[in-house]
1. Of the residues D76, D49, D16, only one is over 18 Å from F96 (Cα atoms) and charged (D, E, K, R); which?
2. Among Q37, Q75, Q66, which is the only one that is over 16 Å from the mean Cα position of the chain (by Cα) and part of a helix (DSSP H, G or I)?
3. Residues in segment 87-102: is at least one open to solvent by 50 Å² or more (accessible area, probe 1.4 Å), under 30 Å from S140 (Cβ atoms) and hydrophobic (A, V, I, L, M, F, W, C)?
4. Of everything in segment 100-129, what is of a type in the set (D, E, K, R), under 23 Å from P7 (Cα atoms) and either outside any helix (DSSP H, G or I) or touching a helix residue (DSSP H, G or I) at 6+ places or on another chain (Cβ under 8 Å) (or both)? Give them in sequence order.
5. Checking T132 against (1) surrounded by fewer than 17 Cβ atoms within 10 Å (Cβ to Cβ); (2) touching a Phe, Trp or Tyr at 6+ places or on another chain (Cβ under 9 Å); (3) part of a helix (DSSP H, G or I), which single condition isn't satisfied?
6. Could you check, for segment 5-22, whether at least one of its residues is within 25 Å of Q75 (Cα to Cα), open to solvent by 60 Å² or more (accessible area, probe 1.4 Å) and either in contact with a Pro (Cβ under 6 Å, 6 or more places away or on another chain) or in a helix (DSSP H, G or I) (or both)?
7. May I ask you to verify whether G82 is of a type outside the set (K, R), over 27 Å from Q138 (Cα atoms) and either at pLDDT below 95 or over 16 Å from the mean Cα position of the chain (by Cα) (or both)?
8. Given the structure, is A63 open to solvent by less than 60 Å² (accessible area, probe 1.4 Å) and either without any contact (Cβ under 8 Å) to a residue 60 or more places away in the chain or touching a strand residue (DSSP E or B) at 6+ places or on another chain (Cβ under 7 Å) (or both)?
Amino acid sequence: MAETIIPRTDLPGATDAGVADYILLIMEDCCNEKNQQRFINGLKDVQKDSWSQFGKAYEHCTAHQQEQLLRDYAQDASHAKGLLARIRDRLAGKPFFYLLKEYTVEGYCTSEAGATQALAYLYIPGHYDPCTILAPDQHSWAIN
């Protein structure tokens, strides 16, 4: 699912960056039980929806079908805003897609492949400049 969010192009994708392993590590070591359960239930729901919509498991769906499934989950997660959503998130845990996307992007941007190939990277950065103008086709900075 992380590869659906950050697919391989001319740059490495989520799979190349080891995002799945990162998500498992974060879920096991850093998340509370509510978010862990919410994530596991979300994975089960994706498989169930994949079977009901396409008659096959998520991993056997086409890229278009996988995108369609995750867009549905993204749309459901985007409706959760405001005070009631924050209370619900505190009591029941964050929505599945929110966790998936957050940890996918975090894992990708902090991986060696993501930080050095997908983001602009200076091993020894110069001075701090909070407002840097990017040149056309320039990647955003991993370290500034």
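The values are calculated or read from the model by the stated rules, or taken from the named source; none is laboratory data. Please read these numbers as outputs of a predicted model, since none were measured by experiment. Ideal geometry is used to build each Cβ from the backbone, glycine not excepted, and the neighbour counts take in all protein chains shown. Note: areas computed on protein heavy atoms with side chains; ligands, DNA, RNA excluded. Shrake-Rupley method; radii C 1.70, N 1.55, O 1.52, S 1.80 Å.
1. Details: D76 fails: over 18 Å from F96 (Cα atoms); D49 fails: over 18 Å from F96 (Cα atoms).
Just one listed residue meets the conditions, D16.
2. On the way: Q75 fails: over 16 Å from the mean Cα position of the chain (by Cα); Q66 fails: over 16 Å from the mean Cα position of the chain (by Cα).
That would be Q37, the only listed residue that is over 16 Å from the mean Cα position of the chain (by Cα) and part of a helix (DSSP H, G or I).
3. Residues of segment 87-102 open to solvent by 50 Å² or more (accessible area, probe 1.4 Å): 87-88, 90-91, 94, 98, 101-102.
Now restrict to residues that are under 30 Å from S140 (Cβ atoms): 94, 98, 101-102.
Within this subset, residues satisfying the condition of being hydrophobic (A, V, I, L, M, F, W, C) are none.
Checked against the condition, which is being open to solvent by 50 Å² or more (accessible area, probe 1.4 Å), under 30 Å from S140 (Cβ atoms) and hydrophobic (A, V, I, L, M, F, W, C), segment 87-102 yields no hits at all.
4. Kept after step one, since they are of a type in the set (D, E, K, R), are these residues of segment 100-129: 101-102, 106, 112, 129.
Adding the requirement that they be under 23 Å from P7 (Cα atoms) leaves 101-102, 106, 112.
Scanning segment 100-129 gives K101, E106.
5. Of the numbered conditions (1) surrounded by fewer than 17 Cβ atoms within 10 Å (Cβ to Cβ); (2) touching a Phe, Trp or Tyr at 6+ places or on another chain (Cβ under 9 Å); (3) part of a helix (DSSP H, G or I), the odd one out for T132 is (3).
6. Keep residues of segment 5-22 that are within 25 Å of Q75 (Cα to Cα), which gives 5-9, 13-15, 19-20, 22.
Narrowing the set further to residues that are open to solvent by 60 Å² or more (accessible area, probe 1.4 Å) leaves 7-9, 15, 20.
Then drop every residue that is not either in contact with a Pro (Cβ under 6 Å, 6 or more places away or on another chain) or in a helix (DSSP H, G or I) (or both), which leaves 20.
Looking through segment 5-22, at least one residue is within 25 Å of Q75 (Cα to Cα), open to solvent by 60 Å² or more (accessible area, probe 1.4 Å) and either in contact with a Pro (Cβ under 6 Å, 6 or more places away or on another chain) or in a helix (DSSP H, G or I) (or both).
7. Working: of a type outside the set (K, R): yes; over 27 Å from Q138 (Cα atoms): yes; either at pLDDT below 95 or over 16 Å from the mean Cα position of the chain (by Cα) (or both): yes.
In short, yes.
8. no
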